[in-house]
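Rule-based calculations on the coordinates, nothing more; no lab input. These figures come from a predicted structure and were not determined experimentally. All Cβ positions, even for glycine, are placed from backbone atoms using ideal geometry, and neighbour counts span all protein chains on display.
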Amino acid sequence: MTPELEQPLDRLNRNDRPPTEADLRALLEVQGDDLRELYARADEVRRRAVGDEVHLRGIIEFSNYCHRRCDYCGIRAGSPGVKRYRMAPDEIVAQAVQARDWGFGTVVLQSGEDPWFTTDRVCDLLEKIKAEAGLAVTLSIGERPADDYSRFRAAGCDRYLLRFETSDRELFAKIHPDDDYDGRLACLDQIRAAGIQVGSGFMIGLPFSGLDVLARDLLFATQLDLDMIGCGPFIAHPDTPLGGHPAWADREIYFKAIALLRLMNPLSHIPATTAFDALCPNGRDLVLTRGGNVFMPNITPVAYRALYQLYPNKPCVDEDGGACARCIVRRLERLKRPPARGRGDSVKRGKGNG
Ligand code: SF4
């Protein structure tokens, strides 16, 4: 690492002199040998802090109904040509049982903000999955009223994933025409207060933003002290208001963000999110070698997969959950990383303590 980058790198994980936005901007611009060194250090910190094991979380995309209109999302309300589906609760439970049989320790239930799934229905679902599959459960179902989170916790919800998407208030308002930045952040507080492990994160490479916003996103995600930090590249969906916005010229920027997150958050779980494979075919594998320690295979029944397209070129839409489970084992073998056994709770807070 060149001498002028050593100091900002050194400040990434220091409480007495935390990194500044300028530090992060400088580190986001590294190339060549410095970039290789950045990735190697992130991989080493990951290995020392959370080990070589990769936690597997099977995602079930159970409904693509959504009442919101986020400007980047392929299933936003009113999006033309989206065939809507909603899995029956019993079908979701059966898929969670399959997930357990395929060896997953956690199931992630993901959907748009679908009002059909009332608080009672979600709680019922959680209780049945706990009773029949015995897995850790992550919910990723958007913003809910404050009281819902404690009810979800009581029904068995272990973790909740709700991304803040960007720390820039104006940009948030611009791309979320029917949502509120403060409301989103309040939800994260309420989730934590309910005793649920908190996952959040942002989109890397959003239009109308640059390295300054990305640097602030990295700082903000760190400040939130998250159990899990889930970030993915912005990939323009053609049928959305942000369709046609190009990816950033520096194609490494997405991986640099992951490496810096790991260096600043040694103990957080950091997933290789699916969208990285839409960026390049081995995108998720690269994330796992640059700070990531979680893989989230899609185990949605194949009949629905192609209908849950938040962004184009989504991988694995023709495979069933069993094929995805076998594929991830092969990918991890190539990386010489063992799949973790068990639930993979937050390393920061210990089992179930939020
Ligand atoms: S990003 Fe989520 S909340 Fe926004 S439109 Fe898409 S599914 Fe709905």
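Every residue, every condition in (1) farther than 30 Å from Asp182 by Cα; (2) surrounded by fewer than 22 Cβ atoms within 10 Å (Cβ to Cβ); (3) within 18 Å of the chain's Cα centre (by Cα), yes or no:
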site: Ala99; (1), (2), (3): yes, no, no
site: Phe104; (1), (2), (3): yes, no, yes
site: Gly112; (1), (2), (3): no, no, yes
site: Thr118; (1), (2), (3): no, yes, no
site: Pro145; (1), (2), (3): no, yes, no
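Being under 18 Å from the mean Cα position of the chain (by Cα) and buried (at least 19 other Cβ atoms within 10 Å of the Cβ) holds for only one residue in Tyr308, Tyr304, and it is Tyr308.
Do you know which residues across the stretch 40-53 are surrounded by fewer than 21 Cβ atoms within 10 Å (Cβ to Cβ), in a helix (DSSP H, G or I) and touching a residue at least 12 places away in the same chain (Cβ under 8 Å)? Residues satisfying the conditions are Arg41, Asp43, Val45, Arg48, Ala49.
Just give me the residues in the stretch 59-115 being assigned to a strand (DSSP E or B), within 16 Å of the ligand (Cβ to nearest atom) and touching a residue at least 40 places away in the same chain (Cβ under 8 Å), in sequence order.
Filtering the stretch 59-115 down to residues assigned to a strand (DSSP E or B) leaves 59-63, 86, 106-111.
This time we only want the ones that are within 16 Å of the ligand (Cβ to nearest atom), so: 59-63, 86, 108-111.
Within the stretch 59-115, Ile59, Ile60, Glu61, Phe62, Ser63, Val108, Leu109, Gln110, Ser111 qualify.
For the stretch 320-334, does any single residue satisfy the condition of being basic (Lys, Arg) and within 16 Å of the ligand (Cβ to nearest atom)? Looking through the stretch 320-334, none of the residues is basic (Lys, Arg) and within 16 Å of the ligand (Cβ to nearest atom). For the stretch 185-206, residues that are within 15 Å of the ligand (Cβ to nearest atom) and either closer than 24 Å to Trp248 by Cβ or touching a residue at least 60 places away in the same chain (Cβ under 8 Å) (or both) total 6.
So which helices (runs of 4 or more DSSP H) are wholly in the stretch 252-349 and hold at least 3 residues that are farther than 30 Å from Glu91 by Cα and among the aliphatic types (A, V, I, L, M)? Break it down stepwise before answering.
On the way: elements: 253-264, 275-279, 283-288, 302-305, 321-335.
Counting at least 3 such residues, we get 253-264, 283-288.
Could you please find all residues in the stretch 12-25 being assigned to a helix (DSSP H, G or I) and crowded, with 18+ Cβ neighbours inside 10 Å?
First, pick out the residues of the stretch 12-25 that are assigned to a helix (DSSP H, G or I): 12-13, 21-25.
Passing the criteria: Leu12, Asp23, Leu24.
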